[in-house]
Structures are given as C-alpha cells and as structure tokens.
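Here the structure is laid out as structure tokens; the discussion comes afterwards.
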Amino acid sequence: MQQLYISLTVNGDVHELNIEPRRTLMEILREDLELHGTHEGCGSGDCGACTVLLDNEPVPSCLVLAADADGRQVVTVEGLVQNGEPHAVQKAIVTHGGTQCGYCTPGIVISSVALLNENPHPNELEAREAIAGNLCRCTGYQKIVDAIVAVGRE
Amino acid sequence: MRSWRWDVNNYSVIGKRVPKLDALDKATGRAQYGHDLNLPGMLVGKILYANVPHARILNIDISRAEKVRGVKAVITGEHNPVHKFGYGADNTPLKADKVRSRRDEVAAVAAMDDDAANEALALIRVEYAELPPLYSAEAALAAGAPLVHEERANNLFLRYNYAHGDAERAFDDADEIVEEEYFLPYVTHAAMETSFALAVFDLQNRLTMWSTTQIPFLLQRDLSEALGMPGRDIRIIQPTIGGAFGRGLDVYPFEPICALLAKHSGKPVRLAFTRDEEFFATATRQPAHVKMRTGVKRDGTLWARDASVLLDAGAYISWGAVTPLVMMETTASLYRVPHAKFVADVVYSNNPPTGAMRGYGNPQSTFFVETQMDMLAEKLGMDPVEFRLKNANIPNSETPQGLKITSCGLRECITEVAERIGWERRSSVSSNQLSVVSNQSSVSSNQSPVSNPQSPIRRGIGIACTLNVGGGARIYRSDGCGATVKVDDFGRVTLISGSTEIGQGSETALAQIVAEVLGVRVDDVTVINSDTSVKPWDVGTHASRTTFIAGNAAWIAANQVREKILDHAAQMLNVSPNHLEMRDGMVRVQGDAAGKGIAYDKVVRAMHYREDGNVVSGTGWYDPPTKLVDKDTYKGNISAAYGFGAQAVEIEVDTETGQVRVLKIVAAHDVGRAINPMYVEGQIEGGAQMGVGYALSEELQVREGRILNPSLLDYRMPTALDMPPIESVIIETADPEGPFGAKGVGEMGGNPTAAAIANALYNAVGIRMNQLPMTGERVLRALKEKERMENGD
Amino acid sequence: MKPFTFFSPRTLAEASRILADHNGNGRALAGGTDLLIRMKRGQWTPRAVVSLNRIAGLNEIALNGELKLGARVTLNQLIRSPIIREYFPVLAATARNMAGVQVRTLATVGGNLCNASPSADMSPPLMALNARAVIVGAAGERVVSLDEFFVGPGKSVLQSDEILRELIVPYNSRAARASYKKLEHRAAMDIAMVGVSVAVEFQKAEFGNRNCADARIVLGAVAPTPLRAKRAEEILRGNILNKENIAHAARVAAEEARPIDDVRSSAWYRREMVEALTRRQLMEIRDLRLEIGD
C-alpha cells in the first residue's frame, strides 16, 4: 500500500507525517494529532462541524485528502487560542450564549473567524451567510449571529 | 423547610446571564465528547442491518466473517441473553428468529479497524424467508393483517381512551364546529453528534459504558435486563453530549450490542453511528394520522373537542408510545374546554421503530389544536387573539383533566407577542403588499424583493400557544432526583447532581441555584453529573424537568450546607444563626453589609479542623407532589407546574413557487423565573428552530420501510439563512413550587411554531395546510386547488 | 474509502498519461467535494486519484475578448473575481447560492461540470452563456460546446484519459444580464430541485425596436442532462419580449422539460417551476431593459 510523506503546518507547528493516501485531513487532525476540537458531524460536507482554515480559507476537513494539503497551513479551533487568550470570536460565543451542546461550535468559530478576517464589521445577514454551511441543532442561530456581529462592533 | 429568605430584587446570580460552565471549553475545542474517547486496545464495533422489512431468519453464516484478519468477535441473535427489553418488552439486541423492520440488527462485529469490520460485515450471509410487510398503521390494523409480533393477538399495542364531560352530546349544542384531518410526518432529532457507546468489561465481569444517553440510571436498569446481568455491576459514564433531543430516552439495541461485543472480544469496543446510520437506526418521532373536531358557542366559549390519533410506532415499542399522554393534555387542557374526548391507537408496523423526541407529542397536538383555534375564530368572526384570551387558562385553577395550574402567564404571553409582532397590521399585511415595511434585514439572496405591485409575494401573520409540563412529569413511578453539595477547605463548592447535561445548560442553572443559596460566585461551583457510580439517582433528562426537579434537589442540599455553615458561624460570631446571611462569599449579619463577617471558607475550615468536626455537605432529594395519571381515565396532576407560551410569526409566501419564508418570530414563554435568561432564550430559540423545520422542511421520507433521505443534505434542518431573527420574551410568574420560582422550558419553544406558521399562511393566502411539512410543492398544490374551487371548476 | 494510489502531477500531459495508464480506473481530483463523497460511499472505487492541485494555470480567470475560466477555479474565486462580478455576474451569483462557504472554498467550476450531475448549478448558466469546454487528453486537445458536453446522469464526453482544462465563454451584451434561478428547499446547503438559466440578446435599437435577437434558456435538474429549451428559445427569437411571448415561452419550456419524481421533488412540481422560473427571469430581463432603456 502506498505511503506518502507529507508536511502539514498545524496551528504553527510543522508535522511530518507518513500517511495512506485515502486519509482525510480531518482524520489526521483528530487521530494522529489528537486535535479533537475538529468534529465529525457527517463526513460529507453537509454540516460544517469539521471546518478548519486551510491557507486561511475555511474548508470542510472531511472532504480534503491530507495528501492534497501537503505543504499547506492549517488552523484548527485549538489554534485560535494564543498565549492562553481565546480569540475574540470564542469569547463572544461564550458571553452571548452561542454554544449549547457545542458540537457545531468549533466549526462555527472557524467560519466566523474566516468571515471577520475578510470583513471585519459584518452585518447580521453577512454573519448568517458565513455560517450557513454550519448546521446547529440547538440554538436557532440567533445568539451565534449576535456574537459575530458584536465582535465586528468591538 | 421552604422559606423565602431571598429578596427577589436582590439576587446575586439568579436571573443573570452567566455563560455555561463548559462554554469556554466548547468554544476552544477542549470539551471531550464520546467520539473523542480512546482506550488502549479499543476495537471498532459495527452492526449488520437486515434491510428486509419483515422476514423469518433461516440461517446466519458468520464463518467467513470470523476469519477476517483483525476481527475479534462476531455475534448474532444466538449470543443474546434470554430477556427482552424496551417499553414494550418486545426487543432483543440482535434478532434471532425474525426481523420486523429493515433496520433490524442481525449481526455485529468488533474488529481492530474500520476496514476489517466492514469486510467482515460484507461476508456475513443471512438467509431470509420474507413475510408480507406492513407499511402503515392503517394496514397493520386491517383484518387479517400479518402479525409483527406473533405472540400478540393483533398489531394494536395500546389504545388511550380519555374523556371529560360528554363530548358526543356536547357537539349537538355547539354553534359552530370545525372538523379536519391531519397527516404529520416522521421527523428525527438529528443531533450534531451521532449516537455513541463505548463498553468495557473488567475481569470481574463488571461493565463500564460511556454513553450519549439521557437516562443513565434507567439505562443501567435497562441494560441489566437486556444483558441479563446485575445492574449493580453496570456503570454508566456520560462524556460531553453533543445534543440528544429525546434520542437518548430509551435503551436501544446498539447499546447492549456494544456491551456484548466487548464481552465476547474481551476488549473495549466503541460503537459510533455514522451519519446515515443515525438517520435510519435511531428512533424517530411517530408519524400521525389525526382526525379532530372542535365545537364552540356563539359567544366564543370553547365547548367540545374530539380527537382521534393513529400512531405508527414501527416494529418495536419505546417510550415514544407514551406521547398520547401529552397529546391529550394539549387537546383537553391548553384551553378551558368543558367536553373533551381523545382516543389514540399505538400500532406496530414493519416501519422503522420510533421513539421520543423533544415535545413528546406536543408539537403534533399543538399543531392541530392551534390551527383549529384559528378556524373557529374565523367562523365566529372573532379575532384569533381575542378568542384565545377568552378561553385561556388562568392561575390557580384545575382543568377537568386534573392538571393543577398554579402559576400561569398564558394571557400575558399572548398579549405580549401580539403587540410585538404588530398584530393590528394583520389584516393589512395580507391584503395590501405595498403597505408593509419590514424592519428586519431580508436574508434571502435568491428571491425578488417585494417592490412590485405585480409581485407574487404575499405576507401573513399568525399566532399559536402552548402548554407544557414545567414541573417534571410523572411518567415513571418516581419523578425524583438526588443532589449532594459539599464545600472544601478552599471554598470550592461541589454540586453532585443526579441530572444529565446534554447541552441545554441545566448544569449551569443548577450551579446558579447553589451559588445563590450559599452566597458564592458561580465560578466557585463545580458540577459533577456524569457518572452513575458517583452521582445520586435521577430518572433522567426529559420532560423539561431538570432545572425544576434537579434544581429543587440542589436547593435542598445547598440549604443544608448553608444551615450548617450559619450554625457554626453563629458560634464563632456569637450571634443567632437566624440573623446571619451568606452573601458575596461572606457570612455576616443580615443587612449589615459593612459589618463584621467571616469568609465562608474560613467557617468551613473551622468546621473541619476541630475535635468532633464534620464534613460540610448536604444531601437533597426532590420528588414533586404529583401522581401518575389514573391508568383507566388518564386523569391526574402529572406535573407540579405548567409552562405556557405564545409565538407570533410573520411570513412571506411566494405564490408562484409555494415557498414560505419566515421573516420574524416573537416568542413569549412563561417560565416561572428565568434562572439564566440567556439559556432560557437559548431553549426557546432552539425550539423555534426545530419548529420551523417541522413546519416547512423536515421530513424523513419513509417508503416501504426504507428511509430515502438519510443525510443532512436531504433531511433539511434550517440553516442560519432559513431562520429569521427571533425575539424571545420571558414572562416570569414565580411558580410557588419551582426553585426560585422557575419552571421548565426545555421543550415548549418548539411546540407552537408550526401552528403559528400555518396560521400565518392562512392569513397570507387563505389556504389551510393539514399536512407537514408545508413544502413549496404542497403549498402550490393547495393554492392551485383553491384557485380551481374559486373558479368553480 | 477503499485504498488508492495518489498522484500529484505537475502538468496536464502527465496527469492525462496517468489516467490513461489506469484505463478507466483513475479519477481526477479537483475540489473533491463530489469525488470524496462518492468514494466514501463506495459508489466509486478508483485505483488512482490524480490531484490537479499542483498543475499551474488551471485556476486562471482572464478576459481577453472571451473569458478564459480555468477548470480548477473555485466557487469562492468566482464570487470574488472582479472580472466575473462585472462582466459575468450570473456566475458569481450562481456560485454564491451553492452549498456553504467552506464547500465553496474547495468546489471548482470544472468539478461541478465534469460530475455531470443533472442538477449541477454551474451547467445551466454556462450553457446559457454559450461556453465551450477545452479538453486535454492523450490524443491532444479538443474543444466541445457545453451543449454537447453532457451525455447522461454522471456522464460527460470526457474519455477516461481526458481532463477539462478550461472553459471559454464569449463576452457579449447578454452575458451582463444572464440570470440563473434555483429552486431549493433551504436558503443554503441544498441541491436544486429545478434550475433555470436565461440569457437574452436584443436586436440593435432602431425605431424603438426591442426585439429579442437571440435567447438561450437552459433547464437544470429536469432531464438526464442540462437541457436547452430550444422551442421556447425559438418563440422569443426575433420577437418582442412582452408578457404574452414570455408566458408562452415559459409554458413551452415547461413542456420541454423531462422531469422525474425523486426524493427532492415531484415531476409535476418541477415542471411547474420551470415555467415559473423561466417566466420570472424573462420578465426581470424585460423590466431591467425598460428601466435602463437600452
């Protein structure tokens, strides 16, 4: 069976890995790097729970072959905490009540960060568009949207 | 012991928007879910499903599967313990003699990896002799229908027969009557985390299972039945649970299967559902076929109601079979109605087994009750709001069904949402499109704006109400919960609660209750609630009960601790304990904020470090003053408090495509007291989201016992762009029995939404939809039908 | 997923050679948002997966008389591209209504076409814009009109060694006002029940003449392949774009559709929606034209 040597930069750390070609980026993150914050909700790109930043763009990591991410930069929800300080989006999700069961939350945080990187002051509609690919079953989205808009107003 | 020593206006943490205890862990990816667990030597468990709807099993050949490298156990019905399990005592982990639905479990494997497990499953050969299948409740009740369970005389599992007054005769005296037939679909929880179990036996044959269950102690009992082993040898641990919504209210075959695989392999076995498995192998909400008529007096007095419900329970019976208890409550007691009759038949078929889901019968019954309320109002020429206010329940009353309504803010809820949605615009909204000015952002990117007088877009406003148990629900003989509170030397307060956190935030509400009683910060309180070997007993998280029941238990336990601390502090300060209070981390004389006091942890240390010292802890048990409903009449006060709510919606209908879009939801709910308004709103808003899905887009399409859309792509729960802005309004009525006056709120947010949307649709375009979801196609068909009728074709 | 060998060639020729070597058992990987799902489900079990990720030039967007759209251009690239937004706004709008942001980072124009799903959103507008596909294979290069590109559900004219390199889209006045409407159950994350794209070119304005010079109407999700409603187009061609002609064309487009019943919609509804979406878009084009008075 073919083995590939790849190099991934994840949350600033370089990882040299020996992988089977069929493994997805999500599997590498969860199983090999034990970054459990990236959640599997469906495995088919329908829910957004496994969203990570790949070269600063949000992607469903379940639909990326790790081999295809060779040499690229990955940021997961864990990587948004810098020197013990959570990202403004993470704090806003906490203070606005934007997480309940929390399973979708890491994906939503990543999508929101991607939005704010591009558009620092999103309105409510832009916030909704940015997380439309992230299904949440608990919150009705209102408090998540409030949190994103609030970060833009800070 | 109940004494209100707390000044409502002077709470320090009750009523505050405190973030969930686990929110930061969840937002930073630190929370550990079942799917994240990994034990040394852990195997992968997988299940082989029958995929034939009804058949006798002639032979199962596992010999080739057993030879696959990496396979450690292959089990079939032969490995089952003898006992059947489940609410209907009709299920076994693996099916030995016959299969009764396509999702019936016939074999399972444990292997070192997914590949080996999948290969082994593919090599198992099952021979069936197919039997005629039953694909609906109607077919199952027909004379001569084949039996799903041959030991039974027929396919009717249970008939509920409720009556008060004399509905039959009362209809003769009614001035106006409406009668309709409803078809309600299969829907499913679709929690973001799929079902999960991880089982391991120790060498003394004791089982530990990590589980996404909502009922750890009942699971302990149910597993003991399913596995034929003592419950005391079973320990259930609940990791962080990624949503459940009723999915975890029963034991389901995958759980004993996981345990059996662990037993036969001698290794830890992890059984995590794939997403499509989650759709076809979890128990869904029952589809229902309903007929109901309601009669009313000319002055607008609700007079008589008569409903009959046919529920297709599928191949096995779960606690979902009990949902008629809730349906009859809405039918008979949401409003005052002197004559009511309710019959429900729960029927076996060869469709997928069904179960409990958030609302537990209430979204269904609220839909038919509340749409008929609007029809009656129209017949009477009354405003729907006025009609509801006239018949609404009032505080301190007892319904003919025996519900003792204490606190009740239904009228306030109705008035509040009517005002906030702009009810007075209702007639103009639907008749004159151009007069409407929307004050919220339009979220659709692919629809024409309403700027054109030829526009096919119509608007409408609708309202619906709900009644939901809010003080527990005695469906088991006990509705109790235990709690222990202890304080350590450093002032860390630990609440060990029997209750279960599935994401709703109840553990944070419990921490707030304890913090308020002890005058400490919420940050000073840890909640331990995830291990049956640690926590005291509880029946589980269901029926919107946790804040109310577990909250009262925690309140009692915390008060014991408080009294102990005050007693000792009184000796230290040489004052009467009755004059002391705990606040801001201090014990001091009441009302003397500046006066001398002692830090509470110092008091605790003084209690530990002395001769005849003692542990500073308290233990509470709360079982509400309610009773099981009478087994023949179904009457009785099932809950210690009742929650009420009203929702008003504004919608837009595209008359060319039939598609409905919700523009705004205003939701007012009487929750007694909001321990934490942020998460009360969270329950309301999340409920409304499920309600929007139920109304417009969610349907598990079951044809010939097969689920056609087992994916998050084709089972369409609303996205952020489908959900409108939601304005949540909390009505506080300070329930006399609730902890700090709180009532439950977990379910009612989703009850009235679909009815409110259906009423708004009628307001917009004059069509009545009696089938959910109200998809574009169904609405368009109804519009064309209406056009045809009006043209007299 | 079943095991496979992964290739990441630097040139199209090499990619094509690898696919040729695998003789039908290879698959080109662009965004992967369809391919990986089918591989995970076991619907496709290729022995070789050939990533197009490292091949230079496949994600170019260039306008030089005609638009050159690289096959590996992603949906998010389309949405952001100033050229697309200004000159081919229908493509940006179409991309924006597909899936969610994260899938759009990966999903490509070429992938959407090559999977040849009857409901693919990119096919109708690109066909309405009269796009041509530039295909590279072992035997060299060939150009195929998108009208001829689709063969059946999941089948295009691509041979097993062939790769779509780019699309060539003519630029003319109709490109600016072409439109695509998709009917879906949700406002995002959904597959089209019906998709209709309409592009109209008007005759030169003389003596107040506002006749339609040419129209292309393309229907998605209502036939085994994206379908040109040629009889409907004929009704408009050379005629004035008024309410009556529009209604007539829309009705005929609905007759031309060959929809089926499936889990997403009934054939009846699809046909109704072809008519509604066609009429609505033609009316919008007419209204816009009256407004700007060209």
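The values are calculated or read from the model by the stated rules, or taken from the named source; none is laboratory data. Please read these numbers as outputs of a predicted model, since none were measured by experiment. Ideal geometry is used to build each Cβ from the backbone, glycine not excepted, and the neighbour counts take in all protein chains shown. The protein model used for the area step is the full one, side chains on, heavy atoms only, and it has no ligands, DNA or RNA in it. Shrake-Rupley method; radii C 1.70, N 1.55, O 1.52, S 1.80 Å.
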Original post:
Chains B and C: buried accessible surface, both sides, probe 1.4 Å, rounded to 100 Å²?
Top reply: 2400
Original post:
Could you give the distance between the Cα centres of the stretch B:746-778 and the stretch B:120-153, to the whole Å?
Top reply: 35
**OP:** Counting only DSSP beta bridges with both residues in the protein assembly as shown, tell me the antiparallel percent, nearest 5.
**Re:** 80
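Rounded to the nearest 20 debye, what is the charge dipole size of the stretch A:88-153 about its Cα centre when +1 sits on each Lys and Arg Cβ and -1 on each Asp and Glu Cβ?
220
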Original post:
Counting only protein heavy atoms and rolling a 1.4 Å probe, how much accessible area do A and C lose on contact, total for both sides, in Å² to 100?
Top reply: 2500
**OP:** Over the stretch A:88-153, average the accessible area per residue using a 1.4 Å probe and give it in Å², no decimals.
**Re:** 23
Original post:
Where a ≥ b ≥ c are the square roots of the eigenvalues of the C-alpha gyration tensor, would you call chain B rounded, which needs a/c under 1.5, or, failing that, prolate if a/b is larger than b/c, or oblate?
Top reply: oblate
Subject >> Three-way shape label, chain A, alpha-carbon gyration tensor, a/c 1.5 >> reply: prolate
**OP:** First measure r as the distance between the Cβ atoms of B:Glu130 and B:Asn161, then evaluate 1/(1 + (r/R0)^6) with R0 = 35 Å and state the FRET efficiency to the nearest 0.05.
**Re:** 0.45
Original post:
Under a GNM of chain C (C-alpha, springs under 10 Å), which listed residue has the highest mean-square fluctuation: C:Leu167, C:Leu75, C:Leu36?
Top reply: C:Leu36
Original post:
Leaving out ligands, DNA and RNA, what percent of the accessible area of the protein assembly as shown is carbon and sulfur, probe 1.4 Å?
Top reply: 48
Original post:
With heavy atoms of protein chains only and a 1.4 Å probe, what residues of the stretch C:13-37 have at least 40 Å² less accessible area in the full set of chains than alone?
Top reply: C:Leu36, C:Ile37
**OP:** Could you tell me which of rounded, prolate or oblate describes the stretch C:93-221, using a ≥ b ≥ c as the square roots of the eigenvalues of the alpha-carbon gyration tensor, with rounded for a/c under 1.5 and, failing that, prolate when a/b is larger than b/c and oblate otherwise?
**Re:** oblate
Original post:
Going down the table (B:Lys404/B:Lys631; B:Lys535/B:Lys596; B:Lys291/B:Lys390), which pairs top 27 Å between alpha carbons?
Top reply: B:Lys535/B:Lys596
Original post:
Along the Cα-to-Cβ line of B:Arg206, 7 Å from the Cα, sits a label point; which residues in the stretch B:231-251 have backbone N less than 17 Å from it?
Top reply: B:231-238
Subject >> Label-to-label distance, nm, for residues given as C:Glu284 and B:Lys596 (7 Å Cα→Cβ offset) >> reply: 7.9
Subject >> the stretch C:7-35 and the stretch A:88-154: distance between their alpha carbon centers, rounded to Å >> reply: 38
Original post:
So how strong a dipole does the stretch B:649-742 carry about its Cα centre when Lys and Arg Cβ are +1 and Asp and Glu Cβ are -1, to the nearest 20 debye?
Top reply: 260
Original post:
Nearest 100 Å², what total accessible surface is buried between chain A and chain B (probe 1.4 Å)?
Top reply: 3900
Original post:
Accessible area drop of at least 10 Å² (1.4 Å probe, protein heavy atoms): which residues of the stretch A:118-133 qualify, relative to the chain alone?
Top reply: A:Glu118, A:Glu124, A:Leu125, A:Arg128, A:Glu129, A:Ala130, A:Ala132, A:Gly133
**OP:** Enter the accessible area per residue of the stretch C:93-184 (Å², integer; probe 1.4 Å; all protein chains in place).
**Re:** 30
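Pull up the DSSP beta bridges for chain B and report the antiparallel fraction as a percent, rounded to 5.
Details: 103 of 133 bridges.
Approximately 75 percent, going by the DSSP bridge assignments.
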Subject >> Listing of the stretch A:70-114 residues, each with accessible area lower by at least 50 Å² in the full protein assembly than in the chain alone (probe 1.4 Å) >> reply: A:Val94, A:Thr99, A:Gln100, A:Cys101, A:Tyr103
**OP:** Can you tell me how much longer the chain between C:Ile83 and C:Asn239 gets when fully stretched, taken as 0.36 nm per residue apart minus their C-alpha distance, in nm with one decimal?
**Re:** 53.0 nm
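Might you report the magnitude of the Cβ-based charge dipole of the stretch B:232-366 about its Cα centre, with Lys and Arg at +1 and Asp and Glu at -1, to the nearest 20 debye? Don't skip to the end; give the middle numbers.
Working: 16 positive and 11 negative charges, 63 e Å.
My answer is approximately 300 debye.
Helix hunt in chain B: which complete DSSP H runs extend at least 24 Å axially by C-alpha with mean Kyte-Doolittle at least -0.5?
Working: long enough: B:362-380 (26 Å, -0.30); B:551-573 (31 Å, -0.02); B:677-696 (28 Å, 0.19).
TM-like helix candidates: B:362-380, B:551-573, B:677-696.
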Original post:
With chain C treated as a Gaussian network of Cα nodes joined by springs under 10 Å, which of C:Pro153, C:Pro259, C:Pro89 yields the largest mean-square fluctuation?
Top reply: C:Pro153
Original post:
At q = 0.11, 0.16 Å⁻¹, what log₁₀ I(q)/I(0) does a Debye calculation on the Cα points of chain C give, no solvent, two decimals?
Top reply: -0.64, -1.27
Subject >> Computed helical MRE - 222 nm, the protein assembly as shown, DSSP H runs ≥ 4 contributing -39500 (n - 2.57), nearest 500 >> reply: -8500 deg cm²/dmol
Original post:
If you roll a 1.4 Å probe over the heavy atoms of the protein chains, what accessible area per residue do you get for the stretch B:701-793, in Å²?
Top reply: 31
Subject >> Potential extension, B:Ser533-B:Ala143 segment - 0.36 nm per residue separation minus Cα distance >> reply: 135.4 nm
**OP:** Counting residues in the stretch C:179-292 as N, plug N into 2.2 N^0.38 Å and put the Cα Rg over that result.
**Re:** 1.08
**OP:** Please name whichever of C:Val90, C:Cys114, C:Gly100 sits farthest to the positive end of the charge dipole of the stretch C:61-170, dipole taken about the Cα centre and charges placed at Cβ: Lys and Arg +1, Asp and Glu -1.
**Re:** C:Gly100
Subject >> Set of lysines with alpha-carbon distance to C:Lys155 below 27 Å, sequence-local pairs under 8 removed >> reply: C:Lys2, C:Lys40, C:Lys68, C:Lys181, C:Lys182, C:Lys230
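Across every pair of different alpha-carbon atoms, what Kirkwood hydrodynamic radius in Å does the protein assembly as shown reach?
32.1 Å is the Kirkwood radius here.
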Original post:
Based on the alpha-carbon gyration tensor of the stretch B:539-685, what equivalent-ellipsoid semi-axes (square roots of 5 times the eigenvalues) come out, in whole Å, largest first?
Top reply: 47, 23, 13
